[in-house]
1. Just the residues that are of a type in the set (G, A, S) and over 18 Å from I86 (Cβ atoms), please, taken from region 1-36.
2. Can you name the residue in region 58-69 that is open to solvent by 40 Å² or more (accessible area, probe 1.4 Å) and assigned to a loop (DSSP other than H, G, I, E, B) and, of all such residues, is nearest to K267 (Cα to Cα)?
3. Only one of G379, G422, G369 is open to solvent by 10 Å² or more (accessible area, probe 1.4 Å), more than 18 Å from E289 (Cα to Cα) and small (G, A, S); which?
4. Out of D84, D97, I need the residue that is out of contact with any His (no Cβ under 9 Å at 6 or more places or on another chain), within 11 Å of the ligand (Cβ to nearest atom) and charged (D, E, K, R). Which one?
5. State all residues of region 256-293 that are of a type in the set (S, T, N, Q) and touching an Asp or Glu at 6+ places or on another chain (Cβ under 6 Å); if no residue qualifies, say none.
6. Mind checking which strands (runs of 3 or more DSSP E) fall wholly inside region 106-169 and carry at least 2 residues that are within 14 Å of the ligand (Cβ to nearest atom) and open to solvent by less than 10 Å² (accessible area, probe 1.4 Å)?
7. Might you let me know whether region 302-316 holds any residue that is over 29 Å from R439 (Cβ atoms), open to solvent by 10 Å² or more (accessible area, probe 1.4 Å) and within 24 Å of the chain's Cα centre (by Cα)?
8. Please verify whether E461 is under 26 Å from D279 (Cα atoms) and either touching a residue at least 60 places away in the same chain (Cβ under 8 Å) or surrounded by 10 or more Cβ atoms within 10 Å (Cβ to Cβ) (or both), treating the condition exactly as stated.
Amino acid sequence: MKDKSDIGLVGLAVMGENLILNMASKGFTVTAYNRSYDKVERFLKGRAEGQSIRGADSIEALVDSLASPRQIMLMVKAGQPVDDFIELLVPHLDAGDIIIDGGNTHYPDSNRRTEQLHAKGIYYIGAGVSGGEEGALKGPSIMPGGAVEAWPAVKAIFQGISAKVADDKGQLTVPCCDWVGDAGAGHFVKMVHNGIEYGDMQLICEAYQLMKEVLGLSADELHDVFATWNETELDSYLIEITRDIFAYKDQDGSALVENILDTAGQKGTGKWTGVTALDLGVPLTLIGEAVFARCISAQKAERVEAAKVLKGPAIHFTGDKKAFIDDIRKALLASKIVSYAQGYVLFQQAAKEFDWNLNYGAIALMWRGGCIIRSAFLGKIKEAFDDNPELPNLLLNPYFKDTVLDAQQSWRNVVGTAVANGVPVPCLSAALTYFDGYRTERLPANLLQAQRDFFGAHTYERTDKPRGEFFHTNWTGRGGDTASTTYNV
Ligand code: NBP
């Protein structure tokens, strides 16, 4: 083992332990530290035994064990524990040392910490890490942002341990880790990644409910459908695990998935993505609906009561089952394209707002392996931004445009059938509504502006005058000529 460790890692829970083992397996020497030392001892005697991993029983010992510039990665519960560890570490660090937060931190915290530590001469990196336990051990997707000066020092370890996807020659050499941008950009990208994960999962769930309720498919049949879909453009980790979930039997031989209570949990990253979209004025409707779908699922007791009195239509389907399954596949693909299109518009707006220089193609590449939303489809997003780095919306890229237009009739058929049969499809329908809104030249917002001007003198622009000129009408003859101030939030 080297005299000094390449990196120190704080936080010996599932992510921290597995990242340390991953780093050691790639030839790096790591010092492990945890708030409660017994976990360090247990780790050293257990999974870490015989590897290039040493333990530290104090912050001083951790800092002393590291090569310069020191790199310390925190894998602890997000929020206050991160601030607490930063406070403990800083008095022992020198200018140029690096603190990395690999937890699911809310990006404004990373904005703040980057600035605070920069003032002390210490570099801060906020890195989103995705892939769960297995990814941490075998190769996660890593999205680092913050003090770019620190990137050359941490690059070898981060790209060394990250997942790899195929290069032009089919060799697994391209790391799913690249520099994302300044301040909290890494955690912002991870947040949106998680929001997209919410959307992808909910879309799959809606497809499942339609096939179960409207077509009456069994779990075994659903397994076969998802197995087939995984051979198409939908090829992805989430479709793959869904396929396997339908095949998994409970002890009595029934499908386990059907014995699981229909109330979904959430840890907040989807909500953060939705709130951020509202703050930045970006129509991120699909992810918003995916978060709300989890909320309504959590109202189980109330839904059970409501189901007794709020009767919907009886299920009635007379069409061709096979053709409808293919319609659902196309509707899922088109909706997924809308979700990523909305997510990328959020990136573009955030880049403007926070003055970040985000590399959109590289972000898609980082998500191609190691993480929960990994899919073949992400390669197309990279190509779209390689072709046009200024692309305003993925729906305008030729490949995505053609795919969505090809799916359009199926998509309408699926949403229409769901509505007619009373099956909720919040994300499939939100995606279609966004598509229709985005492609509509004249929306009814003229009436909305008239209403706003009628009751609040909020003014309007005219079709026959240049943009930026505002008018007010005394609609009732009883109001004055004074208009409200014109501003948008
Ligand atoms: P947890 O999120 O369960 O955090 C456990 C670690 O945080 C332990 O080392 C624990 O120390 C420490 N900790 C806690 Br809890 N409260 C603390 C406090 N007040 N002060 C100091 N340390 C404290 O572990 P995890 O699931 O491995 O996740 C680590 C980070 O990575 C989190 O931010 C998580 O959101 C993120 N993440 C998790 C996953 C996943 O799949 N689990 C995936 C991607 C990212 P102790 O041992 O002394 O209690």
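The values are calculated or read from the model by the stated rules, or taken from the named source; none is laboratory data. Given the structure is predicted, the values throughout are model-derived calculations rather than measurements. Note: ideal-geometry Cβ built from the backbone for every residue, glycine included; neighbour counts use all protein chains shown. Keep in mind that these areas ignore ligands, DNA and RNA; they rest on the heavy atoms of the full protein, side chains included. Shrake-Rupley method; radii C 1.70, N 1.55, O 1.52, S 1.80 Å.
1. Taking region 1-36 first, the residues of a type in the set (G, A, S) are 5, 8, 11, 13, 16, 24-25, 27, 32, 36.
Residues satisfying the conditions are S5, A13, A24, S25, G27, A32, S36.
2. Step one: list which residues in region 58-69 are open to solvent by 40 Å² or more (accessible area, probe 1.4 Å), which gives 60, 64, 68-69.
Then keep just the ones that are assigned to a loop (DSSP other than H, G, I, E, B); that gives 68-69.
Details: S68: 36, P69: 34 Å.
Step by step, filter region 58-69, then rank; the result is P69.
3. Details: G422 fails: more than 18 Å from E289 (Cα to Cα); G369 fails: open to solvent by 10 Å² or more (accessible area, probe 1.4 Å).
So the residue among G379, G422, G369 that is open to solvent by 10 Å² or more (accessible area, probe 1.4 Å), more than 18 Å from E289 (Cα to Cα) and small (G, A, S) is G379.
4. Just a single option satisfies the conditions, and that option is D84.
5. Filtering region 256-293 down to residues of a type in the set (S, T, N, Q) leaves 259, 263, 266, 269, 273, 276, 285.
Once the filter is applied, which keeps residues that are of a type in the set (S, T, N, Q) and touching an Asp or Glu at 6+ places or on another chain (Cβ under 6 Å), region 256-293 yields only N259.
6. Working: elements: 123-130, 141-146, 164-166.
So the answer is 123-130, 141-146.
7. Step one: of region 302-316, the residues over 29 Å from R439 (Cβ atoms) are 302-316.
Remaining after also requiring open to solvent by 10 Å² or more (accessible area, probe 1.4 Å): 302-316.
The next check asks that each one be within 24 Å of the chain's Cα centre (by Cα); those that pass are none.
Taking every residue of region 302-316 in turn, none turns out to be over 29 Å from R439 (Cβ atoms), open to solvent by 10 Å² or more (accessible area, probe 1.4 Å) and within 24 Å of the chain's Cα centre (by Cα).
8. Numbers: under 26 Å from D279 (Cα atoms): yes; either touching a residue at least 60 places away in the same chain (Cβ under 8 Å) or surrounded by 10 or more Cβ atoms within 10 Å (Cβ to Cβ) (or both): yes.
Taking the combined requirement at face value, the residue satisfies it.
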